[in-house]
Amino acid sequence: MTVTAVWPIDSPDAPNGGDGVTLTDPSEVSGLLSRLAEPGAGVAAVWHEHREPADEETGMLDHDVCVAVRDGYGYLSYIDVEHDLAVLRGDPESPALVGEDVEFPAGSGVDLGVLAEALSEFLRTGQRPESVDWSTVEE
């Protein structure tokens, strides 16, 4: 299976900078998390390459997954045609994180090992990870 992740990088040297990676093996997830922990790394948009698009004509994805690493906590959001927008149920001490397209409420940050396990499961299955607890985001 294959997932692709892309994220912005906030840098005075490259105001419109960004980075990305394609993962094909769960052993590569820790490298992604290390890169997302670097200064200036923004929230990554992640998609599974082996899922069917929601709209064949436009190629619009049937899922939206966002991942971030900040201050030692990992953040993950997930929505698809079968699941409402949800974030991980995390450490109550973890701070909120506001990204460009997603907001992670306080208490949704998890240990990086938990995040790595969830992303590895997503890579293997293409489905919302069941190895973690989710909290639906109220709009």
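Tabulated values for the structure
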{"read-out": "Among residues of region 23-62, those that are farther than 24 Å from Phe104 by Cβ and modelled with pLDDT of 90 or more, counted", "value": "3"}
{"read-out": "Failed criterion for Val69 (all others in (1) modelled with pLDDT of 95 or more; (2) in contact with a strand residue (DSSP E or B) (Cβ under 6 Å, 6 or more places away or on another chain); (3) assigned to a strand (DSSP E or B) hold)", "value": "(2)"}
{"read-out": "Residue match in region 98-108 (condition: under 14 Å from the mean Cα position of the chain (by Cα), part of a loop (DSSP other than H, G, I, E, B), over 13 Å from Trp7 (Cβ atoms) and not aromatic (Phe, Trp, Tyr))", "value": "yes"}
{"read-out": "Only listed residue being surrounded by fewer than 17 Cβ atoms within 10 Å (Cβ to Cβ) and at pLDDT 95 or above, chosen from Ala118, Ala86, Ala96", "value": "Ala96"}
{"read-out": "Test: residue in region 36-49 that is farther than 26 Å from Gly17 by Cβ and buried (at least 16 other Cβ atoms within 10 Å of the Cβ)", "value": "no"}
{"read-out": "Selection from region 5-57 of residues that are in a helix (DSSP H, G or I) and of a type in the set (Asp, Glu)", "value": "Glu28"}
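The values are calculated or read from the model by the stated rules, or taken from the named source; none is laboratory data. As the structure is a prediction and not an experimental result, all values here were calculated from the model. We place every Cβ from the backbone using ideal geometry, glycine too, and count neighbours over all the protein chains shown.
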